[in-house]
Amino acid sequence: MVEFEPVIAPEINEAVHTLTAAVDSARIPGILECTPSYHSLGIHYNPLQIGYMEIVRRVREIVESDQRHQRQAVRRVEVPVVYGDDFGPDLKSVASTRGLSIEAVIALHSEAAYRVCLIGFTPGFPYLGGLPELLATPRLPTPRTSVPAGSVAIGGRQCGIYPVSSPGGWSILGRTPLRLFDVQQVEPCLLSPGDEVVFRRICDREFAEIASQVGAL
């Protein structure tokens with residue numbers, strides 16, 4: 001585990017992804033996978049191929065040589081979302097709590113650009129940094145036992161999208177018809193760490209049209 005400064009900040013997360021790219025580019029035999037998070041990088045390896053101290057040495061070389069490999073161009077993913085009503089049951093309460101109109105909450109949320117800091121909680125769940133400060137909202141006092149797949153929600157200073165129906169304690173603003181996790185696909189997760197996400201407001205009719213194309217959630 002490579003630990004960075006333990007804060008949630010864009011520059012720290014960028015440093016994590018930069019190191020991830022550098023380790024991947026080095027193609028060190030025995031390293032199986034790199035898992036970035038907000039401020040750390042987990043390196044999974046086969047101990048029959050490479051020892052712990054050798055990994056430490058190789059990663060330290062990368063860090064000390066300041067190998068800042070050019071990361072691939074950031075992938076931008078547009079996520080359509082219906083806000084409010086049955087799709088976003090907490091939209092009104094968030095607006096009231098933050099002293100904003102419903103339209104102001106939607107505008108703030110949909111006009112921001114978000115970074116996928118990590119994937120976790122459930123398969124394909126993206127933790128998104130970049131939520132406007134005005135929308136920062138505490139988690140619900142009592143989590144829901146079931147949150148519909150596709151729900152776009154906020155918790156604290158984070159935004160997330162529930163890829164499958166699961167319990168959850170974040171405030172739900174809306175829902176997307178996109179499938180964020182599909183085990184039948186070669187790449188089952190729609191989003192990856194480092195991606196940029198933007199939300200696009202759609203209506204119920206567009207939701208139904210897109211849902212019919214991607215299949216039932």
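The values are calculated or read from the model by the stated rules, or taken from the named source; none is laboratory data. This one's a predicted model, so the numbers in the text were calculated from it and none came from an experiment. Note that we place each Cβ from the backbone using ideal geometry, even for glycine, and neighbour counts take in every protein chain shown. Remember, those area values only see protein heavy atoms, side chains included, never the ligands or the DNA or RNA. Shrake-Rupley method; radii C 1.70, N 1.55, O 1.52, S 1.80 Å.
Screening I172 against (1) in contact with a Ser or Thr (Cβ under 7 Å, 6 or more places away or on another chain); (2) open to solvent by 20 Å² or more (accessible area, probe 1.4 Å); (3) under 17 Å from I102 (Cβ atoms) leaves a single unmet condition, (2). Name the residue that is most open to solvent (accessible area, probe 1.4 Å), counting only residues in the range 187-217 that are without any contact (Cβ under 8 Å) to a residue 24 or more places away in the chain and outside any helix (DSSP H, G or I). Of everything passing the filter in the range 187-217, E187 is most open to solvent (accessible area, probe 1.4 Å).
Taking the range 123-158 as the range and being under 30 Å from E11 (Cβ atoms) and of a type in the set (D, E, K, R) as the test, the residues that pass are E133, R139, R157. Beta carbons closer than 7 Å, at least 6 apart along the sequence or on distinct chains, pair a first residue in the range 1-29 that is farther than 21 Å from L131 by Cβ and in a loop (DSSP other than H, G, I, E, B) with a second that is among the basic types (K, R) and open to solvent by 50 Å² or more (accessible area, probe 1.4 Å) for I28/R58.
Hey, could you check the range 179-217 for residues that are closer than 20 Å to R76 by Cβ and among the aliphatic types (A, V, I, L, M) and say which is modelled with the lowest pLDDT? Of everything passing the filter in the range 179-217, V214 is modelled with the lowest pLDDT.
Would you point out which residue out of S25, S96, S65 is surrounded by fewer than 17 Cβ atoms within 10 Å (Cβ to Cβ) and modelled with pLDDT of 95 or more?
Details: S25 fails: modelled with pLDDT of 95 or more; S65 fails: modelled with pLDDT of 95 or more.
Answer to the selection: S96.
Taken together, V82, V105 contain a single residue that is at pLDDT 95 or above, outside any strand (DSSP E or B) and not acidic (D, E), which is V105. A search for C-beta distances below 6 Å between a residue of the range 81-101 that is within 22 Å of A149 (Cβ to Cβ) and any residue that is of a type in the set (K, R), counting only pairs 6+ apart in sequence or on different chains, returns V82/R175; F87/R175.
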